[in-house]
Amino acid sequence: QVQLVESGGGLVQPGGSLRLSCAASGSIASMNLMGWYRQAPGKQRESVASITRAGSTNYADSVRGRFTISRDNAKNTVDLQMNSLKPEDTAVYYCNAKRVLFIAWGQGTQVTVSS
């Protein structure tokens with residue numbers, strides 16, 4: 001089974017950048033969809049960005065143009081480059097992997113955007 005570990009979270013000022021990384025314990029090449037979700041206090045978990053095996057990407061309207069998702073099947077990693085961060089981006093960010101009859105989540109990494 002694939003296990004996911006996120007890293008790269010932290011405290012950043014509004015307008016700043018962070019790069020989150022998700023490292024998988026096994027191959028992600030067979031994962032149909034890799035994605036990043038986030039959950040802010042008192043809110044439901046929401047999809048932020050996703051990328052298919054073919055490299056097609058999808059973004060939430062709130063982050064489109066500011067965030068970029070990428071996957072490296074050789075390194076078994078999925079990254080999320082976050083630019084022009086806003087206070088409303090503050091949340092715990094989770095990595096997700098999906099294929100038929102399988103789904104995995106990481107433990108999450110905290111991102112706080114504050115001056």
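The values are calculated or read from the model by the stated rules, or taken from the named source; none is laboratory data. Quick caveat: nothing in here was measured; it's all calculated off a predicted structure. Heads up, the Cβs are rebuilt from the backbone with ideal geometry, glycines too, and the neighbour counts pull from every protein chain shown. When the accessible area is computed, the model is the full protein with side chains, heavy atoms only, and any ligands, DNA or RNA have been set aside. Shrake-Rupley method; radii C 1.70, N 1.55, O 1.52, S 1.80 Å.
One table, with the values for the structure above:
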{"read-out": "For a label point 7 Å along the Cα-to-beta-carbon line of Ser17, residues of region 74-113 with backbone N under 13 Å", "value": "80-85"}
{"read-out": "Protein accessible area in the chain, 1.4 Å probe - carbon and sulfur %", "value": "49"}
{"read-out": "Three-way shape call for the chain based on the alpha-carbon gyration tensor, with the a/c threshold at 1.5", "value": "prolate"}
{"read-out": "Charge-dipole axis of the chain as Lys and Arg at +1 and Asp and Glu at -1 on Cβ define it, positive-most pick from Thr90, Leu80, Ser56", "value": "Ser56"}
{"read-out": "Positive dipole terminus of the chain, leading residue within Phe102, Met34, Ser17 (C-beta point charges)", "value": "Phe102"}
{"read-out": "Difference of contour (0.36 nm per residue) and Cα-Cα distance, Ser27 to Glu46", "value": "4.3 nm"}
{"read-out": "Accessible surface, per residue, of the chain when the full set of protein chains is kept, probe 1.4 Å, Å²", "value": "52"}
{"read-out": "Inter-label distance, nm, simple model (7 Å from Cα along the C-beta direction), Ser84/Gln39", "value": "2.9"}
{"read-out": "Dipole moment magnitude, nearest 20 debye, region 1-101 about Cα centre, only Lys, Arg, Asp, Glu C-beta charged", "value": "180"}
